[in-house]
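The values are calculated or read from the model by the stated rules, or taken from the named source; none is laboratory data. Note that the structure is predicted; figures quoted are calculated from it, not measured. So basically every Cβ, Gly included, is an ideal-geometry build from the backbone, and we count neighbours across all protein chains shown.
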Amino acid sequence: MFDVVIIGSGPAGYVAAIRAAQLGLNTACIEKSFDSEGKSQLGGTCLNVGCIPSKALLDSSHRYSDALNHFSDHGIEVSKPKLDIPKMMERKNKVVAQLTAGVGGLFKANKVTAIFGEAKVLNSNQVEVLIDNKSEIIETKNIVIASGSLPINIPVAPIDQKNIVDSTGALEFLSVPKKLGIIGAGVIGLELGSVWARLGSEVTILEAMDDFLPMADHKISKDVLKEFNKQGLNINLGCKVTSAKATAKNVKVGFKKKDGDEELIVDKLIVAVGRKPNTANLFDENSGLALDEKGFIPVNDFCETEVKNIWAVGDVVRGPMLAHKASEEGIMVVERIAGKHAEMHYDLVPSVIYTHPEVAWVGKNEAELSESGIEFKSGSFPFAASGRALATGESTGFVKVIADKKTDTILGVHAFGPSAADIVQQGVVAMEFGASAEDLGLTIFSHPTVSEALHEAAMAVNGNAIHIGNRKK
Ligand code: FAD
Ligand code: NAD
């Protein structure tokens, strides 16, 4: 009998499995996914078709765009760079293969039993696994469900993974579509839109909502919209897609705007309208488990389901669908199974959009604080006043620090600009330790770094920034 059986080997499942084994628990991790050559595939969405391949392409396309558009700003003249998309894809696939093989290696090193097949929870002590159409029952003391998520499909734009694709298909194009349409101006639309726009596609994004990035700081959303339109993403808000038809030549997309019906003709269409929990056929009707109205597995703050000894973590439960949130939940759960005290600070899960410049934030934004009636003060620092940002030619955007009006405790850090993800990560560390804006202001930051913008924004909260006129709120 296993101490813990984990269903799914994405960042929630594989991290939970390794930590469980480190804690001395007899651990198995079940994964159903196989690649096109029939090889078992560890790593889940994140490593295979999500975070990692998208970042590999974001990096490659950024280098191309730099060589094409910005080298000459630095006095470097090169002949027009040539694209080799199959080679770019091969590099991306190599990165993925290296990391997924790494998970296999870590399983072996930590003595995690990997089982390849489709799992179904029968009850809190039994999991059925279908391996080559044969059923096997695995006995366990605890079950952790980490079955992840899948792209949402919309009936008006049926995916054929050739001309109308989801995010997985959009990571596999073997040539640059001349005209690319994207449904959804969310994280995937912006990141994959950026990849293909940098490589030369004429990109049009159709977003249903009238608001752009409503979850971000409002000034950042406004600036980001302006910047990405400038970069050629052509973001159209308030568009209700009514049809998408692929023909031999192109894809015709029909959509409604306030002023009436419109049509967009593109070579490829990406549907990126969100993801849904992957819970189909996951448990037996007698297991005692039930899904909520959106298909998520209901859990409490410790990721316990309603059935004792069955836990659920990652994209399959409430909260942001992010790899780092998934992994931390996985660790928390197996630590609790091992009898340790562990909890998640859900307020401190950072968000990042890996565009160029990056967009990142942690904690609350001003609108959320105002809605909750919490009094706050904020300070901002523009990268245009950062020596390092100017030296690298990356001076778009700003950092904002928000603090409690009375206690000065940091409540949020928001950034749009160079290395925004890493800058906000420093805010996460500060907030984890309950820092005040003054604490950050008293911290020594290396010069010249773009992180100094965080230092200055924190000082600006109390009107003490050095390199700008202070904008105290
Ligand atoms: P998953 O990674 O989805 O893994 C679940 C695993 O469970 C899968 O391997 C699946 O095959 C397996 N499984 C499902 N059912 C069964 C079953 N019955 N039996 C056995 N196995 C089963 N997040 C970030 O934080 N940063 C990013 O930069 C980022 N970029 C992304 C880019 C794209 C294009 C996409 C699509 C997503 C991105 N995400 C990113 C989101 C991130 O990938 C997910 O939040 C993360 O993978 C969730 O981890 P998980 O372990 O919960 O689920
Ligand atoms: P999303 O929720 O970020 O964005 C979807 C967008 O599509 C929204 O703006 C929504 O209003 C719009 N939309 C929904 N239905 C529509 C319709 N019918 N027509 C037009 N627009 C429509 O979802 P996503 O971009 O698909 O990403 C899925 C998940 O993957 C996200 O929750 C995110 O957490 C995760 N992800 C994270 C990263 C990262 O952390 N950098 C990167 C990629 C994906």
Pairs with Cβ under 6 Å, 6+ apart, first in the range 195-209 and assigned to a loop (DSSP other than H, G, I, E, B), second hydroxyl-bearing (Ser, Thr, Tyr): Leu199/Ser61
For Ser79, are the conditions met, namely being in a loop (DSSP other than H, G, I, E, B) and surrounded by 15 or more Cβ atoms within 10 Å (Cβ to Cβ)? no
Number of positions in the range 145-157 that are out of contact with any Leu (no Cβ under 8 Å at 6 or more places or on another chain) and either within 13 Å of ligand 2 (Cβ to nearest atom) or closer than 22 Å to Met89 by Cβ (or both): 9
Just for helices (runs of 4 or more DSSP H) wholly inside the range 352-451: which have at least 1 residues that are aliphatic (A, V, I, L, M) and surrounded by fewer than 18 Cβ atoms within 10 Å (Cβ to Cβ)? 366-372, 387-392, 420-432
Of (1) within 8 Å of ligand 1 (Cβ to nearest atom); (2) among the small types (Gly, Ala, Ser); (3) assigned to a loop (DSSP other than H, G, I, E, B), Gly24 satisfies every one except (1)
Subset of the range 36-69 [in a loop (DSSP other than H, G, I, E, B), within 11 Å of ligand 1 (Cβ to nearest atom) and not polar (S, T, N, Q)]: Leu42, Gly43, Gly50
Counting only residues that are in contact (Cβ under 8 Å) with a residue 60 or more places away in the chain, in a strand (DSSP E or B) and either surrounded by fewer than 16 Cβ atoms within 10 Å (Cβ to Cβ) or within 16 Å of ligand 1 (Cβ to nearest atom) (or both), the range 131-163 contains a total of 10
Mind checking which residues of the range 42-96 are more than 16 Å from ligand 2 (Cβ to nearest atom) and of a type in the set (Gly, Ala, Ser)? Ser60, Ser65, Ala67, Ser72, Gly75, Ser79
Of all residues being of a type in the set (Ser, Thr, Tyr) and within 15 Å of Leu106 (Cα to Cα) in the range 1-46, which is surrounded by the most Cβ atoms within 10 Å (Cβ to Cβ)? Just the residue, please. Ser9
Within the range 253-287, track down each residue that is crowded, with 18+ Cβ neighbours inside 10 Å and assigned to a loop (DSSP other than H, G, I, E, B). Asp267, Ala272, Val273, Asn278, Thr279, Leu282, Ser287
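Table: residues versus (1) surrounded by fewer than 22 Cβ atoms within 10 Å (Cβ to Cβ); (2) of a type in the set (Gly, Ala, Ser).
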{"residue": "Leu192", "(1), (2)": "no, no"}
{"residue": "Trp196", "(1), (2)": "no, no"}
{"residue": "Ile205", "(1), (2)": "no, no"}
{"residue": "Met209", "(1), (2)": "yes, no"}
{"residue": "Val224", "(1), (2)": "no, no"}
{"residue": "Glu227", "(1), (2)": "yes, no"}
{"residue": "Cys239", "(1), (2)": "no, no"}
{"residue": "Ser243", "(1), (2)": "yes, yes"}
{"residue": "Lys249", "(1), (2)": "yes, no"}
Test set (1) assigned by TED's automatic domain parsing to the domain that holds Lys377; (2) farther than 23 Å from His62 by Cβ; (3) among the β-branched types (Val, Ile, Thr) - Ile466 fails condition number: (1)
Can you confirm whether Gly319 is buried (at least 22 other Cβ atoms within 10 Å of the Cβ) and among the small types (Gly, Ala, Ser)? no
Go through the range 290-301 and give me each residue that's closer than 17 Å to Arg336 by Cβ and within 22 Å of the chain's Cα centre (by Cα). Ile297, Val299, Asp301
Assuming Asn464 fulfils every condition listed in (1) in a loop (DSSP other than H, G, I, E, B); (2) loosely packed, with under 15 Cβ neighbours inside 10 Å apart from one, which condition is it? (2)
Would you check if Ala248 is in a loop (DSSP other than H, G, I, E, B) and in the same structural domain as Leu174 (by TED's automatic domain parsing)? yes
